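For reference, the structure discussed in these notes is given below.
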Amino acid sequence: MKFSNIKISNFRQYYKTVDFDLSTDDDRNIVLIGGKNGYGKTNFLLSIVWCLYGEKISQIDDNFKKEIQKEKNYSSFMGQSINWSAQKEGIETFSVSILVEEIELPEISKLSSDADKVLITRSRNTITTEEKLSIIDPISNIEIFDDEADKFNFINDYIIPLDAAKFVFFDAEKISEIANLSIKEEGSFINDALGKILGLDNYETLIDDFEFYINTLKKEGASRNLQEQIIDKEKAIDLSNLEIEKFEEENAEKLKEIDQLKKEIRNFDSLISQNSKKGNSNFDRETIVSEIENLKIKEIELSEKFNDLSEIIPFIILSGKLQEVKEHISMQESNEISKISSSENAEKIENFIELLFNKPPDPTDSTMSFRDKSFYYEKAKRLGSELYSVESDYKELEFDHDLNNAEKSLITDAINLVNSQSNDLFHITIDEFNIINSRKSELIKILNKVDADLEDDIILEYLAEKETAEHNITIYNRKIGENNQQVVKLKKDISRFNQELVTLRNKVEINAQNKLKIKETEKYIDTLNTFLEEQKNKHKESLEKTILIELKTLMHKLSSEGNNSKFIEDVKVTILASGQGMKITLLDQDDNEIRKESLSSGEKQIYISCLIKAILNESIQSLPIFIDTPLGRLDEEHRDNITKKYYPTLSEQVVLFSTNSEITPKRFRDISQYIAKSYILLNDGANTNLKNGYFHNYENNIN
């Protein structure tokens, strides 16, 4: 499948109609679109996603969701998307069209018999807020569907599923954050990615539907009191989710205000710096301000990282006790198995003796007295107990833990969480934070000294306004932090409510008819789970192999000649229990796990890029891949590796949105044999236009 042509009309920076020919062939699979920051690269990506999914774009990516929340709702967000010049001319509509080729289409009466392409167009009127989606057969120019639901289902089933979009259209720099996820979160991400690409998510949705049906049957059989308790818990979960949404919307509004304040601060700094040059300071004020801003960004990142790490400190302190509890539970379960086995054996021995002595046939003319029978009965019972005893497995315990399966799982998860973090990581994070904080304080003192030498009344006014803006940013950030803490608490409450729901449902006395329905439904669930596990195991080895090959190809620590450290020697994929997805483990030459949290930002981007490629390789059909900031956090050597060895083999169509500092003219030449089309985005201060070629007047016109 390929997106061979895209037309953007009056959308954001794109004035009138800007036409992108994205066609590629077997030998040349890369389309390179260059542009400076703010020229429309990210909005190009947004235009594609909006064209395909409309108001559902918030479900694709958290960044889209946050942008929509900043504008309060989808309608307000899209109201900002009309091109400014077009709006001044009284134009009310913007649109995006995508020509999709080389796809397997279903048999639809309105489609031409040999059709392998469709034209998808979405338009929106900013006054009426009416949005139209059309899917046309470009051969006959006939609309294929009348019903809106059919249009969405077609895109979801035959183009790119909504839930798979985040693995097809993404910012390479931001997606590296996946490496920071917990085992459970990463497992869920990989499970989602593989499930969406392979279509396994349909079966998982079916399992959810079956489980919902079972819970409904259980609720029906509950007493009035129990029903009310179940309904109360369900309402509490819904209310908590609404509260989370409210806090997230408030945070989005605060972030929008912070962005505006930062712009004001940059403007004040620019004005102050222009005047400060008249002084006799030995320091370059602009350089100091720039370094302080970069340090603040790093400081925020480290603060968030430490906050995440600090959540598990109580578990680390209690790790010894948690391990003791786990071992105690294990012995308790062994004792229960031992008791059950002993009871079953005793019953079998009793039945055997009963059949031996009291059931025909008996010996002819038997003279065995009742006393002899009693003797042999006791002897047989004693010998049976000795021969089949499992009492040796039994360990005497002073007490038993009264925990359900969900509570036992929580203990195991807590231990796994502790084991997944390195103590060194805490110290490294704290040390790095202290170094940055110290350097920032030093620079602020220098900046204050420079600013103190300025006597101009206008400059002093700028300084006062800048200080007010910085103070407001601090207040807003504090509020965002408080809201985030509330969100964490609410998510924990939801988890607790769900566990309590399981307990309540287990108390329900189910009638015979519903028991039968539940039993049959559980059979379907077991069958589907078995099928899903088989499918994941089928792809497990392939994922391991591809990830390792790509890592060894791209990471210079692995590919450097004479390097004895080996760094990553092996990759293991583990299927997690209870449908929690898949875990990727990186191992060194001594078979020790390498914590992904300890990787550098660039190495994380490389790892996630390799993971995505491995997942895409499992897809039945080749998907077009659109990537913003393709080389964002990488150092020069990694940039060369991923440019020359990764993108040319990622997919049959790879569209890259790059700045001139990422894919330089030299890197362009290195991969020119793979480039089908290249463009540069030019902006006149308001609108973006398209030109063949690349940065620094490097005209290629490769076709």
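The table below lists the values:
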{"quantity": "Residue 54 vs. criteria more than 26 Å from the chain's Cα centre (by Cα) and surrounded by fewer than 22 Cβ atoms within 10 Å (Cβ to Cβ)", "calculated": "no"}
{"quantity": "Tabulated pairs, the range 495-521, first within 18 Å of residue 212 (Cβ to Cβ), second open to solvent by 80 Å² or more (accessible area, probe 1.4 Å) and part of a helix (DSSP H, G or I), C-beta under 7 angstrom, 6+ apart or interchain", "calculated": "514/220; 521/213"}
{"quantity": "Strands (runs of 3 or more DSSP E) fully within the range 643-703 counting 1 or more residues that are modelled with pLDDT of 85 or more and open to solvent by 20 Å² or more (accessible area, probe 1.4 Å)", "calculated": "675-683, 688-692"}
{"quantity": "Positions within the range 1-22 being closer than 29 Å to residue 116 by Cα, among the basic types (Lys, Arg) and either assigned to a loop (DSSP other than H, G, I, E, B) or open to solvent by less than 20 Å² (accessible area, probe 1.4 Å) (or both), in sequence order", "calculated": "2"}
{"quantity": "First in the range 445-462 and at negative phi and in a helix (DSSP H, G or I), second anywhere and hydroxyl-bearing (Ser, Thr, Tyr) and modelled with pLDDT under 75, Cβ under 8 Å, 6 or more apart", "calculated": "450/276; 450/281; 451/276; 459/276"}
{"quantity": "Residue count, the range 508-549 (criterion: more than 27 Å from the chain's Cα centre (by Cα), surrounded by 13 or more Cβ atoms within 10 Å (Cβ to Cβ) and polar (S, T, N, Q))", "calculated": "2"}
{"quantity": "Residues of the range 106-116 satisfying the condition of being in contact with a strand residue (DSSP E or B) (Cβ under 7 Å, 6 or more places away or on another chain) and either open to solvent by less than 60 Å² (accessible area, probe 1.4 Å) or at pLDDT below 80 (or both)", "calculated": "110, 111, 112, 115"}
{"quantity": "Every residue from the range 618-640 that is in a helix (DSSP H, G or I) and either in contact with a Lys or Arg (Cβ under 6 Å, 6 or more places away or on another chain) or surrounded by fewer than 19 Cβ atoms within 10 Å (Cβ to Cβ) (or both)", "calculated": "636, 637, 640"}
{"quantity": "Selection from the range 482-496 of residues that are of a type in the set (A, V, I, L, M, F, W, C) and open to solvent by 30 Å² or more (accessible area, probe 1.4 Å)", "calculated": "488"}
{"quantity": "Any hit, the range 69-87, residues being more than 26 Å from residue 687 (Cα to Cα) and open to solvent by less than 40 Å² (accessible area, probe 1.4 Å)", "calculated": "no"}
{"quantity": "Selection count where residues are over 26 Å from residue 161 (Cα atoms) and either surrounded by fewer than 17 Cβ atoms within 10 Å (Cβ to Cβ) or at pLDDT 90 or above (or both), scope the range 35-51", "calculated": "3"}
{"quantity": "Residue list for the range 106-148, restricted to those being in contact with a Gly (Cβ under 7 Å, 6 or more places away or on another chain) and among the charged types (D, E, K, R)", "calculated": "122, 131"}
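The values are calculated or read from the model by the stated rules, or taken from the named source; none is laboratory data. These figures come from a predicted structure and were not determined experimentally. A quick note on method: Cβ atoms are made from the backbone with ideal geometry, for glycine too, and the neighbour counts reach across all protein chains shown. Remember, those area values only see protein heavy atoms, side chains included, never the ligands or the DNA or RNA. Shrake-Rupley method; radii C 1.70, N 1.55, O 1.52, S 1.80 Å.
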